[in-house]
Amino acid sequence: MTDEWGPLGPLVGDWEAAGGLDAAFSHSKGEVLQTPYLEKVTFKPFGPVDNGDQHLYGLDYKTAMWRGDEDNPFHTEVGYWLWDGATDEILRGFVVPRGITVLAGGTAAADATSFTLHAKKGGDLYTIGENQYLAKNASTLSYEVTITITGDTWSYAETTMLQMKEFAEPFAHTDHNTLRRVG
Ligand code: HEM
C-alpha cells in the first residue's frame, strides 16, 4: 500500500489463524476459561476522509472467532482503523455485538511495526460505551491492544478490564493471536 495508510498499509488483505487464546469468565461453566479459537480477519482500505484540514486514511475491518467445531462465531467485531499522517494519531473504532463500542487511540510513526492503543471508560478522547445491563453486571473499565507486524504475519495482544459482579476486583479478559495472510 502507498504511504497514505502509514503503519496500517501492511494490514490490507485477508488473514487467518487457529492459534487464538481467550481468557474470560464463562457463565455456563461458572469459572474462568482459557478458550483456543480460529479467527478470520478482513481489512479493506479507504480514504481520504476529510475533517476540515484533517485527512484520514483507513481500513474497514471485520473479524470473527470460532471455538472448536461450532458453526457460529462466539465473538465478532466490525469497525474502522484510521491513521492521521499529519499527527501520527492512530485509531481503532469498533463494535462488539454485546452492546459495546470502543474508540481506542494512540500514536504510531508511518513506518511503525508495533504500536499500542488504549481506551478507558469515561475517557475524554478514547472511550467505551456499553449497554445498561453490562454497566451493572460486567462493565468494561479499559481496553488496551498492542499490534506487532512482521510481514506475512501480524499479532495482537489485548487486555479488556471488566468490573464483573462475580468478582470484587477488576478482571483481566485477555485475547491474543498471530494471523497469517491468506489473501
Ligand atoms: C478476541 C476478542 C474477544 C473474544 C474472543 C471474547 C470472548 C468472550 C467470551 C468467551 C466471554 C464469556 C461469555 C460467557 O461465557 O458468559 C466474553 C465476555 C465478555 N467480553 Fe469478550 N471477547 C473478546 C473481546 C472483548 C472486547 C474487546 C470487549 C470489550 C471492549 C469484550 C467485552 C466482554 C464483556 C463485557 C464480557 C462479559 C459479558 C458478561 O459477563 O455478561 N470482549 N468475551
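Criterion first (closer than 24 Å to Ala110 by Cβ and of a type in the set (D, E, K, R)) does Asp50 satisfy it? Yes.
Taking (1) assigned to a strand (DSSP E or B); (2) surrounded by fewer than 19 Cβ atoms within 10 Å (Cβ to Cβ) in turn, Gly151 satisfies each apart from (1). Residue check: Gly68 meets all listed conditions (1) within 16 Å of the ligand (Cβ to nearest atom); (2) under 22 Å from Lys121 (Cβ atoms) but one, namely (2). Filtered by the rule that a residue be exposed (fewer than 15 other Cβ atoms within 10 Å of the Cβ) and over 16 Å from the mean Cα position of the chain (by Cα), segment 113-141 gives Thr113, Gly122, Asp124, Leu125, Asn131, Gln132, Tyr133, Ala135, Lys136, Asn137. Per the listing Leu162, Leu141, the residue uniquely out of contact with any Ser or Thr (no Cβ under 8 Å at 6 or more places or on another chain), within 11 Å of the ligand (Cβ to nearest atom), part of a strand (DSSP E or B) and more than 21 Å from Thr42 (Cβ to Cβ) is Leu141. Within 25 Å of Glu31 (Cβ to Cβ), modelled with pLDDT of 95 or more and outside any loop (DSSP other than H, G, I, E, B): is that true of Thr174 in this structure? Taking the combined requirement at face value, the residue satisfies it. Considering the conditions (1) within 15 Å of the ligand (Cβ to nearest atom); (2) part of a loop (DSSP other than H, G, I, E, B), Ala23 is excluded by exactly one of them, (2). Would you be able to say whether some residue in segment 28-47 is of a type outside the set (Lys, Arg), within 16 Å of the ligand (Cβ to nearest atom) and not in a strand (DSSP E or B)? The answer is yes; a qualifying residue exists. Can Asp14 be described as away from the ligand (no atom under 14 Å from the Cβ) and either touching a helix residue (DSSP H, G or I) at 6+ places or on another chain (Cβ under 9 Å) or in a strand (DSSP E or B) (or both)? Criteria met by Asp14. From the list Ala24, Ala17, pick out the single residue that is buried (at least 16 other Cβ atoms within 10 Å of the Cβ) and touching a His at 6+ places or on another chain (Cβ under 7 Å). Ala24 is the lone residue from the list that is buried (at least 16 other Cβ atoms within 10 Å of the Cβ) and touching a His at 6+ places or on another chain (Cβ under 7 Å).
When restricted to residues that are within 15 Å of the ligand (Cβ to nearest atom), polar (S, T, N, Q) and assigned to a strand (DSSP E or B), segment 99-134 contains 2. Summed over segment 86-98, the residues that are near the ligand (Cβ under 9 Å from one of its atoms) and assigned to a loop (DSSP other than H, G, I, E, B) give a count of 1.
The values are calculated or read from the model by the stated rules, or taken from the named source; none is laboratory data. Just so it is clear, the model here is predicted, and its values are computed rather than measured. Reconstructed Cβ throughout: ideal geometry from the backbone, glycine too, with neighbour counts over all protein chains shown.
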